[in-house]
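Trainee: Take this structure first; my questions come after.
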Amino acid sequence: MPAMCRRIGRILGDRKVLTILRLAVAAAFIVASWEKILKPDDFASIVEGYRILPVAVVPLVATWLAWTELVAGVMLLAGVWTRAVGLLFSFLTFVFIAGLVQAMARGIDIQCGCFSLDPEAAARSWASLWQEFLLLAACLWLWIGHWKKAPDRRSTTGTTP
Amino acid sequence: MKRLGDNQDHQSRLLTAISGWWRQADVGTDLNRIVLVVLLALGLGLMYNAVFVWPNQTAPPPDQSSQNFGELTIEQAYQLAQGQQAVIVDTRDPASYAREHIAGAVNLPATQFDSYYPDFANHVGTGETIILYCGTECGSKERVAKQLQERDYKDLNLMAGGPEEWATAGYPVATGEDTHRAEGERQ
């Protein structure tokens, strides 16, 4: 069992795997943010559809979400503050999942608004939630993978991850 | 006493483990950086919208402003629907509509407007009186009203409240999907 844990730890912390993961997650969030930034009103409509927030704050939250995805995505692409951005994206993805789950539990026919603002896109279902969980796992992996490296990096190079 | 002491010992070890993990993972630093990223994103977003988005959102002409939409109470809407045979439009999502809607209301969801509009236009003329509702704490009726206004619908009225308030007032509600749309899809 300890050997298996060490093996999993090695895979999680492998530099090449983490780099590929970092670029993939960064690309996913940058692509996802693009349409939301260009069509803020459409994205605000989708955010309002979750029926969590007061209507008055929806445009501000929609703007913040879209730009956080872009800014943090670019930082991730450049390898700046990777660990912190991994944690931020983990939190954002968790919030998306929680929003989707509460909307579906209430029987609201909702578009995710995650990667497309197309109103004709199929409404989300319980079965399609695996995509969000996959993204959450990738973001957590990014955070934990770099967290494991943090003490070594501090002691050897003195730079921040 | 020994059990109480054991519990305190466990709690203290748990707290030590959590604080050790917090320090090792350097979560505090991550949280500080996240705050900076979030503030930077919000600032950039507001600046972008102020320069490129908001100036392009031209206000509607005075004679077509949203202030010209009629504001109706549930009682007024009911009287109007009875007297002039106005069309009642539900602007919520199809699932909410199917669960409960005002009897006779047509579904025109704000989130799927382009998809539903052609069918709506086949059934409702631009000269007809239209009453829009979505419920309390929602903005979709205003958005649909603006979209209809741009398509030459003139007599647009916003009703305060939704099916629950309508039913509470003693007026009829119904369940199931929009039959107008179902008919349109079958054709």
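Trainee: Note down the nm distance, to one decimal, between modelled labels 7 Å out along Cα→Cβ at B:LYS146 and at A:ILE20.
Mentor: 4.6 nm
Trainee: Pick from B:GLN79, B:GLN11, B:GLN112: which residue has the top mean-square fluctuation in a GNM of chain B where Cα pairs under 10 Å get a spring?
Mentor: With Cα springs under 10 Å in chain B, the top fluctuation among B:GLN79, B:GLN11, B:GLN112 is at B:GLN11.
Trainee: Roughly how crowded by other chains is peptide B:39-49, in terms of the mean Cβ count from those chains within 10 Å of each of its Cβ atoms?
Mentor: Whole-number average of other-chain Cβ neighbours for B:39-49 is 6.
Trainee: For peptide B:16-24, compute the average count of partner chain beta-carbon atoms within 10 Å of each residue's beta-carbon. Could the numbers behind the result be given before it?
Mentor: Values: counts 0, 0, 0, 0, 0, 1, 0, 1, 4.
Mean partner-chain Cβ count within 10 Å for B:16-24: 1.
Trainee: Given the C-alpha centroids of region B:89-142 and region A:44-72, what is the distance between them in whole angstrom?
Mentor: 23 Å
Trainee: Going highest first, how would you order B:42-50, A:24-32 by mean Cβ packing within 10 Å?
Mentor: Working: B:42-50: 15.9, A:24-32: 18.9.
Going by the mean number of other Cβ atoms within 10 Å, highest first, we get A:24-32, B:42-50.
Trainee: Let me ask something additional. Using a Förster distance of 30 Å, how high is the FRET efficiency between B:PHE52 and A:LEU134, based on the Cβ-Cβ distance and rounded to 0.05?
Mentor: Efficiency for this residue pair is about 0.35.
Trainee: Per-residue Cβ counts within 10 Å, from other chains only, averaged over B:26-37: what number is that?
Mentor: Values: counts 9, 5, 0, 6, 12, 3, 1, 9, 9, 2, 2, 10.
Mean number of neighbouring Cβ atoms from other chains: 6.
Trainee: Would you please calculate the Kirkwood hydrodynamic radius of chain B over all C-alpha pairs and express it in Å, rounded to one decimal? Walk me through the numbers on the way to the answer.
Mentor: Numbers: mean 1/r = 0.0485 Å⁻¹.
That comes to 20.6 Å for chain B.
Trainee: Quickly rank A:71-83, A:10-22 as a protection proxy: mean count of other C-beta atoms within 10 Å, highest first. Working shown, then result.
Mentor: Working: A:71-83: 20.4, A:10-22: 14.3.
Ranking the peptides A:71-83, A:10-22 by packing returns A:71-83, A:10-22.
Trainee: Any idea what angle helix B:27-48 forms with the longest principal axis of chain B, computed on alpha-carbon atoms, 0 to 90 degrees, nearest 10?
Mentor: 30 degrees
Trainee: Using r as the Cβ-Cβ distance of A:ARG106 and A:ARG10, and R0 as 41 Å, what FRET efficiency do you calculate, to the nearest 0.05? If you can, show how the numbers build up before the last one.
Mentor: Details: r = 43 Å, r/R0 = 1.05.
That pair, A:ARG106 with A:ARG10, gives E of 0.40.
Readers should treat all values here as calculations from the given coordinates under stated rules, not as data from a laboratory. Please read all numbers here as calculations on a predicted model, not as lab measurements. Cβ sites come from the backbone with ideal geometry, for glycine too, and all protein chains shown count toward neighbours.
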